[in-house]
Amino acid sequence: MISHRWRPVVFSAIAVCGIWLVALAGYRIARNSKMTAEKVKAYAESVDISKLSGDARVKALRELADKLNALSLEERRKARLDREAWSWFDKMTEEEKAAFIDATMPTGFKQMLTSFEQLPEEKRRKTIDDALKRLRDARDQMGGGAGGGNQGGTNSPPVLSDDLQAKVRTIGLKTFYSQSSAQTKAELAPVLEEMQRVMESGRPFRNR
C-alpha cells in the first residue's frame, strides 16, 4: 500500500505519463493525417478519371484539388515537379482544366502578378530568373535524392520552355497569363508559385 507521503508523487508520475501518451497519440494522428505529395500521387494513380462522369467525376476532381491545396509549400513544389500528381490534366476537358487551374493556384497569386508588373524591368527579370533557378535546384535535389539522375543535371529539359520564357519577358507576365490557354497556364503554374515565394520574401522590393 502506498504511503501518504509517496501518494502525490505516484499520482504526479501517472499524470505525466498520461500527458505524454496523449501527446504522442496526437502527434501520430497529425503525422498520418498530414497531406503529402506522395499521398496526392497515390490518389491520382488510384482513380481512372477517364472512366468517371457526372457527379462522380466532379467529386473526384474537387478532391484532387483539395488535396493539392492542403499541401505545404515544399510538398506542393514536389507535387508540381512530379508530373504523376498532375496525370489527370491531359484527360480533362478545356472547361475542367480552366476550373482546376483556378482552384489550385495559391491564394493571393493574382495580387502577386499585379505587384510583379509594378516592378522595374530589371527587378522583374531577376525575379523570374530566381524562380527558375529555385525550381531547377529543387528538381535536381529530387532527382539526386531519389537516385533518378534523369530528373536533374545539365541534360534535363528546362522547367519552363524557352518559348514561354521569351513570351513572358516580352509580352508581360500578367497579360500573357490572362491570354493563355489552360494548358499553358498549367505549364506556367510552378514558376508562378515559385515567383510568389520569391516576392513574399521581399527580395525584389529591396533597393527598389
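The values are calculated or read from the model by the stated rules, or taken from the named source; none is laboratory data. Model, not experiment: these values are computed from the prediction. Counting neighbours? That spans all protein chains shown, and the Cβs are built from the backbone with ideal geometry, glycine included. The area values use the complete protein model at the heavy-atom level, side chains included, leaving out ligands, DNA and RNA. Shrake-Rupley method; radii C 1.70, N 1.55, O 1.52, S 1.80 Å.
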Item to check | Efficiency of FRET from Cβ geometry, E38 and E117, R₀ 35 Å, rounded to 0.05 | outcome: 0.45
Item to check | Fully extended contour minus Cα-Cα distance, from K110 to S12, at 0.36 nm per residue | outcome: 29.8 nm
Item to check | Pairwise centroid distance, computed over Cα atoms, of the range 91-112 with the range 163-197, Å | outcome: 13 Å
Checklist outcome for this item: For the range 29-117, dividing by residue count, accessible area per residue (probe 1.4 Å) in Å² works out to 57 Å²
Item to check | Nearest-10 value in Å² for the accessible area of I171, using the 1.4 Å probe | outcome: 80 Å²
